[in-house]
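The values are calculated or read from the model by the stated rules, or taken from the named source; none is laboratory data. All values derive from a computational prediction rather than experimental measurement. A quick note on method: Cβ atoms are made from the backbone with ideal geometry, for glycine too, and the neighbour counts reach across all protein chains shown.
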Amino acid sequence: MDIRRNALADIVGAVNVIDDPRILEGYASDCSAAPRRNPRFVVHPQNATQVQALVTWANQTHTGLVPVSSGAPHFYGDTVPSQPGSIIVDLSGMKQIKRIDRRNKMVVIEPGVTYAELKPALAKEGLRISQPLLPRRNKSVVASLLERQPTTIPRFNFSLPEPLRNCGVVWGSGEIAFTGESGNGIPDLEEQWKLGGAQVDPKGPNATDLMRLLTGAQGTMGIVIWASVKCELIPAASHSVFVASEKLEDLIDFCYQEERIRIGDEMMCVNAPQLATMMGDSANEIGRLKAKLPAWTVMIRLAGAGHFPSERVEVQRLDLGRLAQKCGLTLQNSLASNGAAELEKAFESDSGDTYYKLKYKGGCREVFFLTTLDKAPQFVSNVFAIAERNRYDVTEIGVYIQPQHQGVSQHVEFSFPYDPGDTRGTERIDRIYAETSEVLMSEGAYFSRPYGAWAEMIYSRDATATKILRVVKGIVDPKNVLNPGKLCF
């Protein structure tokens, strides 16, 4: 019997060590262009003690570990092994919701908890969290926050990792640490709770900000074993409104002013293909919606909680109507015969059994980055020009602009649907993806989450940052056992 399998079975139990070729195949590739590579095993730890033991064993045997906590499909290549003989550490079985703190509006969860599982648990306490746009039903909340997926309520976004606050982490060296205010020298959450700790402040321990090492790191620095997440009250009243235009440029001033005064909760700007994909349940329905929806739409949900919630919503609606009129626009309660209730699903639902971007053609490649709102129209023009040169129908491209950090920055995302069974179509998408990434990067788009081929493009441009990152990696993961081959490692 395989010696390594025996050692892993001693740590997590034989039933939690998988070497079935069919299951290994599921981790060997994803929806990106990452080179295919089978892991040696998939292991399912059930608690933090087992995770620490796995990392310690990996250091002793020089074995690569690839942390995964969300279910398939995966999209960015970060969960595909880059090194032969690597082991997938699947954290999806760690599903404990450790604490819901109604007074401080905080929840502490393990990495296997999904949005679909967390939402009803929080609702019982009158709470919710700001989630990404239509997350997969099996998407890990912790993984989404660590990878800084944009959330849809910019006014609650006080920094880009929000609403992530504190973490418990097993560094690549095998040591356990708590970040933020939880790193107070008491390495026990129960004891901290008894003393009044709530894991709210993300800064720390002391003068450091260790949580920053974990966000956007693709599991190369440490494996998170729990995280505290800031929650908000469920609105007692809400109403969705829309501002539409045939040109993105006509919406820029309105968006800037709306974000400055922070009216409403959820806010985003989308083009017709993106909105149709968000709303439609089939390729035919998406095609029908694309033809009737406005070219560009700003979607805003007004919300009221606490005292006089309906009155709060009405005051916001009137203020927003005046702002739209000032900018030469019209505030609408519906779009192309679709009412607010139907469109509001995008703000609070998940994608169901099939991720929404896969419903149109079965495959989708994404290019996303951070920028400022004034630069977004030029980026859109450049991407459409590249697509036209490569004979890709620009009416298929979804564009999603999500204000972040209270509108200080904008997440801009382009989605290119394609049929994975069409070899020529897939090759075309690969060309567009590479050219678009290179052009946008050279024009100032900030790729803050450098997946796959983006890593080489980014780190080759900044030797100083690359050197510093490698020094930090050498401190927290000296034997390079965590997701080796990703980023600049």
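Listing for the model above:
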| quantity | calculated |
| --- | --- |
| Residue in the stretch 190-199 that is in the same structural domain as LEU145 (by TED's automatic domain parsing) and under 24 Å from the mean Cα position of the chain (by Cα) present | yes |
| Residue check for VAL142: in a strand (DSSP E or B), among the aliphatic types (A, V, I, L, M) and in contact (Cβ under 8 Å) with a residue 40 or more places away in the chain | no |
| Tabulated pairs, the stretch 294-311, first within 16 Å of THR330 (Cα to Cα) and surrounded by fewer than 16 Cβ atoms within 10 Å (Cβ to Cβ), second modelled with pLDDT under 95 and of a type outside the set (Val, Ile, Thr), C-beta under 9 angstrom, 6+ apart or interchain | none |
| Single residue of the stretch 39-72 satisfying the filter (outside any helix (DSSP H, G or I) and aliphatic (A, V, I, L, M)) that is modelled with the lowest pLDDT | ALA72 |
| Test for GLN410: is it polar (S, T, N, Q), modelled with pLDDT of 95 or more and buried (at least 20 other Cβ atoms within 10 Å of the Cβ) | yes |
| Residues of the stretch 169-189 satisfying the condition of being of a type outside the set (Gly, Ala, Ser), more than 24 Å from the chain's Cα centre (by Cα) and either over 20 Å from ARG212 (Cβ atoms) or in a loop (DSSP other than H, G, I, E, B) (or both) | GLU175, ASN184, ILE186, PRO187, ASP188, LEU189 |
| Filter result for the condition that a residue is touching a helix residue (DSSP H, G or I) at 6+ places or on another chain (Cβ under 9 Å) and touching a residue at least 60 places away in the same chain (Cβ under 8 Å), over LEU373, LEU358 | LEU373 |
| Cβ pairs under 8 Å, 6+ apart, first in the stretch 197-216 and more than 27 Å from ASP78 (Cα to Cα), second aromatic (Phe, Trp, Tyr) | PRO205/PHE178 |
| In the stretch 383-421, the residues that are farther than 17 Å from ARG148 by Cβ, small (Gly, Ala, Ser) and in contact (Cβ under 8 Å) with a residue 24 or more places away in the chain | ALA387, GLY398, SER415, GLY421 |
| Filter result for ILE429 (among the hydrophobic types (A, V, I, L, M, F, W, C) and more than 23 Å from the chain's Cα centre (by Cα)) | no |
| Given (1) surrounded by fewer than 18 Cβ atoms within 10 Å (Cβ to Cβ); (2) closer than 20 Å to GLU344 by Cβ; (3) of a type in the set (S, T, N, Q), index of the condition ASN206 fails | (2) |
| Residue ID - surrounded by the most Cβ atoms within 10 Å (Cβ to Cβ), chosen from residues in the stretch 73-91 that are under 17 Å from the mean Cα position of the chain (by Cα) and among the hydroxyl-bearing types (Ser, Thr, Tyr) | THR79 |
| Of residues in the stretch 167-194 being modelled with pLDDT of 95 or more and aliphatic (A, V, I, L, M), the one surrounded by the most Cβ atoms within 10 Å (Cβ to Cβ) | VAL169 |
| Boolean, ALA123 is surrounded by fewer than 18 Cβ atoms within 10 Å (Cβ to Cβ) and among the aliphatic types (A, V, I, L, M) | yes |
| Hits in the stretch 233-248 (condition: surrounded by fewer than 18 Cβ atoms within 10 Å (Cβ to Cβ) and either touching a helix residue (DSSP H, G or I) at 6+ places or on another chain (Cβ under 9 Å) or within 30 Å of ALA272 (Cβ to Cβ) (or both)) | ILE234, ALA236, ALA237, GLU246, LYS247 |
| Qualifying residues in the stretch 114-164 (those that are acidic (Asp, Glu) and under 12 Å from the mean Cα position of the chain (by Cα)) - the one farthest from GLY452 (Cα to Cα) | GLU162 |
| Test: residue in the stretch 393-405 that is crowded, with 16+ Cβ neighbours inside 10 Å and either touching a Lys or Arg at 6+ places or on another chain (Cβ under 7 Å) or under 26 Å from ARG36 (Cβ atoms) (or both) | no |
| Filtered residue count, the stretch 8-22, keeping only those that are loosely packed, with under 15 Cβ neighbours inside 10 Å and either polar (S, T, N, Q) or more than 23 Å from HIS62 (Cβ to Cβ) (or both) | 6 |
| Of all residues making up the stretch 333-360, the number that are more than 24 Å from ALA453 (Cα to Cα), crowded, with 19+ Cβ neighbours inside 10 Å and at pLDDT 85 or above | 5 |
| Any hit, the stretch 462-482, residues being touching a Pro at 6+ places or on another chain (Cβ under 6 Å) and either assigned to a helix (DSSP H, G or I) or outside the structural domain of GLY64 (by TED's automatic domain parsing) (or both) | no |
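Yes/no per residue for (1) farther than 18 Å from VAL66 by Cα; (2) over 22 Å from the mean Cα position of the chain (by Cα); (3) modelled with pLDDT under 95:
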| position | (1), (2), (3) |
| --- | --- |
| SER437 | yes, no, no |
| TYR446 | yes, no, no |
| TYR451 | no, no, no |
| TRP454 | yes, no, no |
| ASP462 | yes, yes, yes |
| VAL471 | yes, yes, no |
| ASP477 | no, yes, no |
| LYS486 | no, no, no |
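Results for (1) in a loop (DSSP other than H, G, I, E, B); (2) more than 30 Å from SER381 (Cβ to Cβ); (3) in contact with a Cys (Cβ under 9 Å, 6 or more places away or on another chain), shown as yes or no for each residue.
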position: THR297; (1), (2), (3): no, no, yes
position: ILE300; (1), (2), (3): no, no, no
position: ARG312; (1), (2), (3): no, yes, no
position: GLN316; (1), (2), (3): no, yes, no
position: ALA324; (1), (2), (3): no, no, no
